[in-house]
Structures are given as structure tokens and as C-alpha cells.
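Comments concern the structure below.
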Amino acid sequence: MAELTTPGATPGTAPGTAAGTTPETAAARSAHGAAEHGAAEHGADGTGAGAATVGFLYPGYSAEDDYPRLEAMLAGADPGDGRGTAPETAPTADGAEAQDGVLGLAGAVTGASPAVRLPLVHTDIGEDAHRVDALLEMGSAARLAARVADLRARGAQAVVWACTSASFVFGRDGAQEQARELAQVAGLPASSTSFAFAHALGDLGLERVAVAATYPEDVAELFTAFLKSFGTEVVAMRGSGIITAAEVGTWGWEEVRALARAGDHPAAQAVLLPDTALHTAAYIARLEAELGKPVLTANQVTVREGLRLLAHPVPHRPRLGALFSAA
């Protein structure tokens, strides 16, 4: 696999220690220092308790409740099958979310504050469409920058753009520039879900994958091109033709299972489900058991990317799949 260089991190290295100095890695070193300063000022969990805090910019409303679930699972909780345990997130009059993110579910299930906080804010999605022109606007610098201050107010020490399609649509170079601009605006290490997938594959040493996408095929092809730019072989790609994230967000276990099974290929070492609008946190271990191989999902890899940006230890959590349980 080709060497990965992003504004935040590269496989197996802490932020700013990648082999080869690029503008992106230099920016990461500067931003990481700013993150440490910000954590000291805020108290990383917003209460002075010192938890590591990764902030997520999430487009619109669909599967954002995966993030409180993932936080609880990182804390060692078993939040159940994906129904009825996550705190509700409702838009306010100004488009912000009413939920501070995450502490409620993890605290309710474990009886203690989590070691890692995952606050999330919603960006203005614009037109909800898996279409190239709409995705380019959805991932524009202005839309991302508009909510960065809200994440900093929640104590974020790193920021991840939690959207795959509105990052890979720019191509590898454009997605790198998108993340670099986000890091500069936030004064924090930054990355996106597209790079999260590339890094996750590097972490697991995987070279051949199958892509099971909710997107129309033309958009899914852009994701395969992004992966190929890192040296990943895509042995199979399946698009589902779904236009809106809102529709994807209604899918449950049966639909996710059918998507993964239909997209798998005997030659693939892993199956990738690239849409952050798809609820998957509660299903990862079940999917891997059925397919007999790692399953990488968008919200799962996005959280792992946030831990990478902070050089935070990855907890051993088999319910979150091979990515959180590999030696």
C-alpha cells in the first residue's frame, strides 16, 4: 500500500511523525500543539475531568446516534442492538443539535464518565443528494468552518469531518487540502472519513477489499478511485443507487446485513461500508461473524481516526470489530 500522508496522521505514527515532511505533516505538528494547549484550557471533557475529546462535524441528520453508541462501547458498555438506547438529537431553530454529544449514553450504561468523549455537531448539509455537485458543496470549506467553534467550545482536541462522500468526491489531493484547511481553521489536527478508511486498511495490513456502498454507482466509483490511489485493490464494488442520506439513515440490521453480503467477494480481505449515514455501530461484530472477515464501516473508522489524531491508545473492543481488536 502506498504511503499515507494526511494533515493528521499516518499509519503507525503519532501526529507529525510521518516519514517525509510535507506541508500536511508540518501543519499537523503545529495543530497538535494547539490541541494540547486547548485541552489544558478547556479540561478535555468540558468538566475538567481530563478525558480525551475528539470532535466530529457531521452533515445533516441520519446516523449521528452511532457516535454516542460508539463512545459507550469504547468505555466498555454494551448498548444493545441499536434500538432505543441512544439519546435523541434534535435540531434547534438555528440548526444546531440539542444533544451535547455523548456523555449521557456512556454514563448511563457504565455509571462513569467515558475515557474518550466524542461530541458531534451538525453541518448544513445543503441539498441531501449523493450527486457530485451536491457533495462538492456539502464538503465546502465554508460549510465545515461554520461549526468549528462549536466543537472547540465542547473541548475538542481534534476534528474529523465525518463524511466519506463529501471528502473523496474531491479526489485524494482535494480531500487532503480539505482536511488541511479544516486543521488551519480549527487550530487542531483534522482529517476526514475518507482518510480514515485508508488508514484503517493500513493498520490491518489489508490490500484487497470489496466496497458495498449505498451510493449510486458513479459516486461509489469515486470512492474506489480514492482507495486505489493508496495502492488498495478493489476486487468488487456494489452501488445501491440511494440518493439521500435521509433514506440511508432509516436502514436497520436486515438492510445493512443484505448490503454487506451482496457486496462481499471471495477474494476480498475485508468489506467496506463507506456511508456515515448508515447505522452500523451495533452490527459490526455480527457482520464480521457472518462474513468471516473484517468489516470496516464509516462511523467506526471515523472514530478510530480521531483516536489516531490524538495519538490515543486504541482500546481492545471486539464488539467494534477487527479494527478495535487486532493485536
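The values are calculated or read from the model by the stated rules, or taken from the named source; none is laboratory data. The model shown is predicted, which means the values in this text are computed figures rather than measured ones. Every residue, glycine among them, receives a Cβ derived from its backbone with ideal geometry; neighbour counts consider all protein chains shown. For the accessible areas, the whole protein counts, side chains as well, though only heavy atoms, and no ligand, DNA or RNA atoms are used. Shrake-Rupley method; radii C 1.70, N 1.55, O 1.52, S 1.80 Å.
Structure values in brief
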| item | result |
| --- | --- |
| Verdict on Asp264 being in contact with a Ser or Thr (Cβ under 6 Å, 6 or more places away or on another chain), of a type in the set (Asp, Glu) and in contact (Cβ under 8 Å) with a residue 24 or more places away in the chain | no |
| Qualifying positions in segment 223-248 - under 21 Å from Ala200 (Cα atoms), small (Gly, Ala, Ser) and in contact (Cβ under 8 Å) with a residue 40 or more places away in the chain | Ala225, Ser229, Gly231 |
| Number of the condition not met by Gly306 [criteria: (1) under 13 Å from Leu74 (Cβ atoms); (2) free of Cβ contacts under 8 Å to residues at least 60 places away in the same chain; (3) surrounded by 24 or more Cβ atoms within 10 Å (Cβ to Cβ); (4) not aromatic (Phe, Trp, Tyr)] | (2) |
| Residue satisfying all of: in segment 173-190; surrounded by 22 or more Cβ atoms within 10 Å (Cβ to Cβ) and under 22 Å from Ala277 (Cβ atoms); nearest to the chain's Cα centre (by Cα) among these | Ala190 |
| Members of segment 236-278 that are of a type outside the set (Asp, Glu), in contact with a helix residue (DSSP H, G or I) (Cβ under 6 Å, 6 or more places away or on another chain) and in a loop (DSSP other than H, G, I, E, B) | Gly239, Ile242, Pro274, Thr276, Ala277, Leu278 |
| Residue that is least open to solvent (accessible area, probe 1.4 Å), among those in segment 222-235 that are closer than 18 Å to Val295 by Cα and not in a helix (DSSP H, G or I) | Thr232 |
| Single condition Val256 does not satisfy, out of (1) buried (at least 24 other Cβ atoms within 10 Å of the Cβ); (2) within 16 Å of the chain's Cα centre (by Cα) | (2) |
| Arg147 vs. criteria open to solvent by 10 Å² or more (accessible area, probe 1.4 Å), touching a Ser or Thr at 6+ places or on another chain (Cβ under 8 Å) and within 30 Å of Arg117 (Cα to Cα) | yes |
| Segment 221-247, residues that are modelled with pLDDT of 95 or more and among the β-branched types (Val, Ile, Thr) | Thr224, Thr232, Val234, Val235 |
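Conditions tested, residue by residue: (1) charged (D, E, K, R); (2) within 28 Å of Gly171 (Cα to Cα); (3) at pLDDT 55 or above.
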| site | (1), (2), (3) |
| --- | --- |
| Gly50 | no, no, yes |
| Gly60 | no, yes, yes |
| Ala96 | no, no, no |
| Leu103 | no, no, no |
| Pro119 | no, yes, yes |
| Arg131 | yes, yes, yes |
| Ala141 | no, yes, yes |
